Amino acid sequence: MTRRPRGIVCYDGECSICTGLVTRWGHRMRRAGFRLAPLQLPAIQRRLGLSGIPDEMKLITAQGEVIGGADAVVAIAEGLGLSHDLATGARSPLVGPLLRQLYAVVAKHRSCVGGVCRIR
């Protein structure tokens, strides 16, 4: 059963890490009310005001707010019903900034299998 719409998870459709996560978690995200869309789609590019692929994934919430990176991951985890304690910890003044830094480093320096993705 699909829950209420939660938003659109926008990911790099050319990145094997991103597409692997969507393959693994996509069904569960859709069941929880998320739609999935590659950042490469022209409609997503226009909606987000992009002229290229950012270094982080984006979540367009059901209310139209755009959340990026680690904050988007935490919001998606909450929407999937994963640990509320995890989300609370990720929003703490100590853990939140560290999580954002870790996400930024991984996203910026991700490498893709077979050179499919550009390393940014």
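The values are calculated or read from the model by the stated rules, or taken from the named source; none is laboratory data. Computed from a predicted structure; not experimentally measured. Counting neighbours? That spans all protein chains shown, and the Cβs are built from the backbone with ideal geometry, glycine included.
A single member of Gly89, Gly115 is out of contact with any strand residue (DSSP E or B) (no Cβ under 6 Å at 6 or more places or on another chain), at pLDDT below 75, farther than 26 Å from Pro5 by Cβ and small (Gly, Ala, Ser), and it is Gly115.
Can you find even one residue in segment 60-79 that is hydroxyl-bearing (Ser, Thr, Tyr), surrounded by 14 or more Cβ atoms within 10 Å (Cβ to Cβ) and modelled with pLDDT of 95 or more? Yes. Screening Pro38 on (1) surrounded by 15 or more Cβ atoms within 10 Å (Cβ to Cβ); (2) out of contact with any Asp or Glu (no Cβ under 9 Å at 6 or more places or on another chain); (3) not aromatic (Phe, Trp, Tyr) shows it passes everything except condition (2). Restricted to segment 1-84, the set of helices (runs of 4 or more DSSP H) holding at least 1 residues that are free of Cβ contacts under 8 Å to residues at least 60 places away in the same chain and more than 22 Å from Tyr103 (Cα to Cα) comprises 16-31, 42-48.
Is there a residue in segment 34-57 that is under 16 Å from Gly81 (Cβ atoms) and touching a helix residue (DSSP H, G or I) at 6+ places or on another chain (Cβ under 9 Å)? Give the steps one after another, and end with the answer.
First, pick out the residues of segment 34-57 that are under 16 Å from Gly81 (Cβ atoms): 34.
Okay, now just the ones that are also touching a helix residue (DSSP H, G or I) at 6+ places or on another chain (Cβ under 9 Å), so 34.
Yes, the conditions are met somewhere in segment 34-57.
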